[in-house]
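These notes concern the structure reproduced below.
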Ligand SMILES: Nc1ncnc2c1ncn2[C@@H]1O[C@H](COP(=O)(O)OP(=O)(O)OP(=O)(O)O)[C@@H](O)[C@H]1O
């Protein structure tokens, strides 16, 4: 089966959101669903966007699938400008460039058609020749472990099989990007793992770039990169990679990063801000290899390195620890050396 991307194309940004804003107005009240969201997904990546209910996940997917238009900002998918795109281009984009997998099987499949007939529908709508349609249908059903289900209707399939047929439908027209909205939300853990395995197969074998949105934190175990979304903007990332030690043993390592946008904005994790009662304003301290963030307080207690340096002219305090003895120093620092990316607490 042909892959969607060549090796040379892998790695270039395929999905790009730059400061995307989406404001809904209902009954005179404005709801800011996306507030300056940045996201970049490279060709060939499999990324999960994870966030609580109301964080803006579905709004993001609707924008990326061309169903909705951002209020402000820039969004591009596979070279298509999602803000400027006109009706005709939008239709072709939705038919050929992106595939969509919904949470409910009833949104992915027509109940009166067999699995094979369902997979054929998007290709027939796109006007593909009959001989191509038959080959693609059996290739996809075979790849996703559904060959024996070809002639069954959705009601005769398990929940996991229905989602995998839905995946085959989404992939039918060789989309460059697969967008999945809570694709395993209705399934038990084992069946959800099977569906994720099928999504990974599609990503690896067909080269399709995948963006999955979910509220399920556990999904980060299934993907290479997890992007956290909070209050309509991306806030953190977890990267997973395999490390091999000197004895040749491999271990899966995951590291959490905060996302820094182009304007230098950073969202601190909620548990950090709660732990230190950080609010309204904080003091920043530039060190040689990291930045310290300190509660703002009332300005009466000197906190920053510069302020401490001024103090040390009068006292014998050492700067080695980065702490002044009198502050209690419960500030967090994000190290850039030693443990890159890890949020570490200084005791
Ligand atoms: N058409 C709309 N009109 C008004 N407000 C909307 C509309 N669509 C979404 N919102 C609001 O925008 C915010 C983000 O909604 P969205 O559906 O994107 O969140 P979500 O993370 O997908 O949530 P869930 O996991 O519950 O589906 C919410 O406050 C929601 O109420």
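Brief remarks on what is shown
- Bridge type composition, the range 13-232 - antiparallel percent by DSSP, nearest 5: 50
- Between the beta carbons of residue 107 and residue 190, assuming R0 = 22 Å, the FRET efficiency works out to 0.45 to the nearest 0.05.
- Two-site label geometry, residue 250 and residue 132: point separation in nm, points 7 Å out along Cα→Cβ: 3.7
- From least to most packed, judged by other beta carbons within 10 angstrom and beginning with the fewest, 199, 291 follow the order 291, 199.
- Inter-label distance, residue 124 to residue 284: 5.9 nm, where each label sits 7 Å from its Cα along the C-beta direction.
- Whole-angstrom gap from the range 74-108 to the range 244-268, using each part's C-alpha centre: 31
- A straight chain from residue 52 to residue 262 at 0.36 nm per residue would run longer than the Cα-Cα distance by 73.2 nm.
- With R₀ fixed at 25 Å, the C-beta to C-beta distance from residue 74 to residue 240 puts the FRET efficiency at about 0.30.
- Relative contact order %, the range 73-151, counting alpha carbon pairs below 8 Å whose residues are six or more apart: 22
- Per-residue Cβ neighbour rank within 10 angstrom, fewest leading, 261, 285: 261, 285
- Full-extension gain in nm, residue 12 to residue 29, via 0.36 nm per residue minus C-alpha separation: 2.2 nm
Where a number appears in this text, it was derived from the coordinates with a stated rule and is not lab data. All values reported here derive from a predicted model rather than from experimental measurement. So basically every Cβ, Gly included, is an ideal-geometry build from the backbone, and we count neighbours across all protein chains shown.
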